[in-house]
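Before any comments, here is the structure.
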Amino acid sequence: MANLIDGKRISKEIKDELKEKVAKYKEEGTTISLAVIQVGNDPASSVYVGNKKKACEYIGIRSLSYELEENTSQEELLKLIAQLNEDASVNGILVQLPLPRQIDEKKVINAIDPKKDVDGFHPSSVGALVIGEKGYVSCTPAGIIQLLKRSNISIEGKECVVIGRSNIVGKPMSLLLLRENGTVTMAHSKTKNLKEVCKRADILIVAIGKPRFITSDYVKEGATVIDVGIHRNEENKLCGDVDFDDVSKIAGAITPVPGGVGPMTIAMLMNNCVESYLINQK
């Protein structure tokens, strides 16, 4: 049976470390502030935003909440972002996605000052990652690297397969694994012989967006399996892209859903917020 990689425990470790740092900054007279903008009241977005606020409160980060109506215009949103860019007391800006149809997500992401882009979505942040410079990294891939490192799973020299090529997970994940000296293959919906490709992996990271798609047929014995997916099954219970019960019989280590990657995303967002203070100081 596979070892369970406990994202809840590891995310708590990271948040406790950040809490100590933030307390020291406060003693020096510095408060770190995160502005969170939500347009409309998408239920999933409201849950995520609520979790982010709770994490801020726990760590000691001041959370500024902007809850805008569903029919807010792009111009109004961009105006608010411009104001927050100019506000020296705001260290990080986060716009909760998805946005309503009338708003162009790309324009909104590009409007955020790269020094305040704690989500790591701005082209400047992505470019820094590609060429190996310091900058904000997308929170989910950054969280997965921490899961592996803090579980004593070495990446260097390992065969790593990432299924999914999204800008938020797949692409930055591959770059981070390369940075850690992994040998990386990116697989996606057009990949031929997907089972064979996956079976080569010492580390398999699954962000395919299909519930319980990956079974033990796709997994090499003893491999580490990281499940990024989150869905509700027929019984309305949360599940991932990996068939956990089946794969855990042959994997060496595996993340559960829930309690694996999810908590790490918020922990790394908080990490980026604390980093934002140092970046803005420079």
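The values are calculated or read from the model by the stated rules, or taken from the named source; none is laboratory data. Bear in mind the structure is a predicted one, so any value in this text is a computation, not a measurement. Because the Cβ atoms are built from the backbone with ideal geometry, glycine has one as well, and the counts that use them run over all protein chains shown.
When you scan the stretch 117-209 for helices (runs of 4 or more DSSP H) that lie fully inside it, which ones turn up with 3 or more residues that are within 16 Å of the chain's Cα centre (by Cα), surrounded by 15 or more Cβ atoms within 10 Å (Cβ to Cβ) and at pLDDT 95 or above?
Working: elements: 123-130, 139-150, 170-179, 194-199.
It comes to 139-150, 170-179.
If you check LYS52, LYS26, which single one turns out to be within 20 Å of LEU269 (Cβ to Cβ), at pLDDT below 95, among the charged types (D, E, K, R) and loosely packed, with under 15 Cβ neighbours inside 10 Å?
Testing whether each residue is within 20 Å of LEU269 (Cβ to Cβ), at pLDDT below 95, among the charged types (D, E, K, R) and loosely packed, with under 15 Cβ neighbours inside 10 Å leaves just LYS26.
Yes/no per residue for (1) in contact with a Lys or Arg (Cβ under 6 Å, 6 or more places away or on another chain); (2) over 27 Å from GLY252 (Cα atoms):
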residue: ASP119; (1), (2): no, yes
residue: VAL161; (1), (2): no, no
residue: VAL169; (1), (2): no, no
residue: LEU175; (1), (2): no, no
residue: GLY182; (1), (2): yes, no
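Condition (residue is surrounded by fewer than 20 Cβ atoms within 10 Å (Cβ to Cβ) and touching a Ser or Thr at 6+ places or on another chain (Cβ under 8 Å)) applied to the stretch 67-89: is it met by at least one residue?
yes
Identify the residue in the stretch 55-66 that is in a strand (DSSP E or B) and small (Gly, Ala, Ser) and, among all such residues, is surrounded by the most Cβ atoms within 10 Å (Cβ to Cβ).
That would be SER63.
Tell me which residues, restricted to the stretch 1-12, are in contact with a helix residue (DSSP H, G or I) (Cβ under 7 Å, 6 or more places away or on another chain) and assigned to a helix (DSSP H, G or I).
GLY7, LYS8, ILE10, SER11
For the stretch 234-275: of the residues being under 16 Å from the mean Cα position of the chain (by Cα) and hydroxyl-bearing (Ser, Thr, Tyr), which is nearest to GLY120 (Cα to Cα)?
Filtering first and then ranking leaves THR265.
Being in contact with a strand residue (DSSP E or B) (Cβ under 7 Å, 6 or more places away or on another chain) and hydroxyl-bearing (Ser, Thr, Tyr) is true for just one of SER124, SER73, SER151, SER166. Which residue is that?
Numbers: SER124 fails: in contact with a strand residue (DSSP E or B) (Cβ under 7 Å, 6 or more places away or on another chain); SER73 fails: in contact with a strand residue (DSSP E or B) (Cβ under 7 Å, 6 or more places away or on another chain); SER166 fails: in contact with a strand residue (DSSP E or B) (Cβ under 7 Å, 6 or more places away or on another chain).
Only one candidate qualifies: SER151.
Taking into account only those residues within the stretch 225-239 that are assigned to a strand (DSSP E or B) and touching a Ser or Thr at 6+ places or on another chain (Cβ under 8 Å), which is farthest from CYS160 (Cα to Cα)?
ASP227
Would you confirm whether any residue within the stretch 141-148 is β-branched (Val, Ile, Thr), in contact (Cβ under 8 Å) with a residue 24 or more places away in the chain and in the same structural domain as LEU178 (by TED's automatic domain parsing)?
The answer is yes, given that some residue of the stretch 141-148 is β-branched (Val, Ile, Thr), in contact (Cβ under 8 Å) with a residue 24 or more places away in the chain and in the same structural domain as LEU178 (by TED's automatic domain parsing).
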